[in-house]
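Take a look at the structure below.
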Amino acid sequence: MFISVLELFKVGIGPFSSHTMGPMVAAFEFRKRLQEFLHTEKPHRLICTLKGSLALTGKGHSTDKAVLLGMHGFLPAELIDKDVQALFTQFASQNVLTLPENRCVNFELAKDLIFDKKETLAQHPNGLVFALIDNEDKVVLTETYFSIGGGFIKTLAEIDEIEAPLDMRHDKSIPYPFDTASRMMEMARASQQNVAEMKRQNEICHRSRKELNEGLDRIWSSMESCVNRGLATEGELPGGLHVKRRAKALVMQLQQDPKSATVNDWLSAYAMAVNEENAAGHMVVTAPTNGAAGVIPAVLYYYVHHENDDLERVRDFLLVAAAIGGLIKHKSSISGAEVGCQGEVGSASAMAAAALCAVRGGSAEQVENAAEIALEHHLGMTCDPVQGLVQVPCIERNAFGAIKAFTAASLALRGSGEHIMPLDACIAAMKQTGQEMSEKFKETALGGLAVSITEC
């Protein structure tokens, strides 16, 4: 099993990887199908139907903006320095998509983007159905996509071909093909290599060491700049909840009285800075999702700025985090729509805990233990965003995910690596818990905190 660190961590925009980035990529891909298909001057109409969680929380998660921008030829990474709201407003008023060779397709956002809140597709809760309609109202081209978390997508044919909706590959060419934590530890013992080096050797089977390092450095630079922007920005977040940014004020308090500042204070400030940027629709790194984008950057930012700024250690941190994230994605899910927030913030916390443990000198057994401790204490966590916005409780939840990661790494390093509950069993428990969890608590905004707020 292999999923690249450069695929798991992707630079994009907020507020949500499965509801924003994934649908944008799906719309972009269908646009390419249109370009290949349209060989006539007859008018055609495009309809996009959102299913399941995408329909229920798509407005708050900017799925409508994502689909429209994707249909106009944009991908998430291309929007980092652009005014997304201005582009959306511009395209929403046009009611037509312009394709190469001056071919056009009618697409009226208010009428042709349908939020189907009644039906969820059986394969996955995040479904999009695109249909091209001719002037006689016949469907001449259709495709169904699923946004499976972390910005990854699958078509209907692809998701039916495999046992689970994973964007990874079984690769016999890599030297350390561990697909469980137990295998990871066995290989580490047998090879006398640490987790970071095993992951690095797997990666350079697919790209040069230089390309890998450049990619890792780009990920860290993006994470660091996201934290810095969040710490320097104040004001109210969009969406209607009137949530005020707090990270800047918090870090200013800590800087004025650093002796009273605790690790928890710094981690909270850094994590909230990222997730405030995410909620604003700005640039973030999926880590492994946008809803959980603050945990890993917060822990890594603290490590770099308070403990050790060695670039090689930063690269090791990201490699170990990706190794653990790949195991979780392979054996369970990182999608809140599938397993609740335990799969998002829980996974991110486990990844950050393992990575911090590793760069502090932890053995493979201690790294596995750190990940298990962090994940264990997120089991059962629901995904219940108020008004479908990635703000309440998501911003603070990332802060606590970072704190749990830091604590888990510290506990693991003070132990021998021996413990009762294996990480593999914890991941399996998360999957089972997610399967048995009510749909109300899986990114539908139909239960939990999402329906507990009193509207005045």
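Assorted remarks:
- Residue match in the stretch 168-184 (condition: exposed (fewer than 13 other Cβ atoms within 10 Å of the Cβ), touching a residue at least 40 places away in the same chain (Cβ under 8 Å) and in the same structural domain as Thr57 (by TED's automatic domain parsing)): no
- Enumeration of residues in the stretch 68-111 that are touching a strand residue (DSSP E or B) at 6+ places or on another chain (Cβ under 6 Å), at pLDDT 90 or above and farther than 22 Å from Phe16 by Cα: Val96, Leu97, Val105, Asn106, Phe107
Yes or no, residue by residue, for (1) farther than 14 Å from Ala27 by Cα; (2) in contact with a Ser or Thr (Cβ under 7 Å, 6 or more places away or on another chain):
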| residue | (1), (2) |
| --- | --- |
| Leu54 | no, yes |
| Gly58 | yes, no |
| His61 | yes, yes |
| Glu78 | yes, no |
| Asp83 | yes, no |
| Glu101 | yes, no |
| Cys104 | yes, yes |
| Phe107 | no, no |
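- Verdict on Ser268 being out of contact with any helix residue (DSSP H, G or I) (no Cβ under 8 Å at 6 or more places or on another chain) and in the same structural domain as Ala405 (by TED's automatic domain parsing): no
- Of the helices (runs of 4 or more DSSP H) that lie entirely inside the stretch 126-214, those containing 1 or more residues that are modelled with pLDDT under 95, over 30 Å from Arg315 (Cα atoms) and of a type outside the set (A, V, I, L, M, F, W, C) span 156-161.
Okay, residues lined up against (1) among the polar types (S, T, N, Q); (2) assigned by TED's automatic domain parsing to the domain that holds Gly336; (3) over 26 Å from Glu136 (Cα atoms):
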| residue | (1), (2), (3) |
| --- | --- |
| Gly73 | no, no, yes |
| Asp81 | no, no, yes |
| Val84 | no, no, yes |
| Asn95 | yes, no, no |
| Asn102 | yes, no, no |
| Asn106 | yes, no, no |
| Gln123 | yes, no, yes |
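- Annotation: of all residues in the stretch 104-120 being in a helix (DSSP H, G or I) and among the aliphatic types (A, V, I, L, M), the one that is farthest from His282 (Cα to Cα) is Ala110.
- Count of the stretch 429-456 residues which are surrounded by 14 or more Cβ atoms within 10 Å (Cβ to Cβ), out of contact with any His (no Cβ under 9 Å at 6 or more places or on another chain) and in a helix (DSSP H, G or I): 10
- Selection of first residues in the stretch 305-334 that are in contact (Cβ under 8 Å) with a residue 40 or more places away in the chain and within 21 Å of Asn194 (Cα to Cα) and of second residues that are of a type in the set (S, T, N, Q) and part of a helix (DSSP H, G or I), restricted to Cβ pairs under 7 Å at least 6 apart or on distinct chains, gives the following pairs, ordered by first then second residue: Arg315/Asn213; Gly325/Ser347; Ile328/Ser347.
- Among the candidates Lys59, Lys65, Lys51, the residue that is over 22 Å from Gly240 (Cα atoms) and assigned by TED's automatic domain parsing to the domain that holds Phe88 is uniquely Lys51.
- Residue match in the stretch 109-121 (condition: surrounded by 14 or more Cβ atoms within 10 Å (Cβ to Cβ), farther than 14 Å from Thr49 by Cα and not aromatic (Phe, Trp, Tyr)): no
The values are calculated or read from the model by the stated rules, or taken from the named source; none is laboratory data. Predicted model, so just to flag it, every value in this text is computed and none were measured. As a convention, Cβ positions derive from the backbone with ideal geometry for all residues, glycine included, and neighbour counts pool all protein chains shown.
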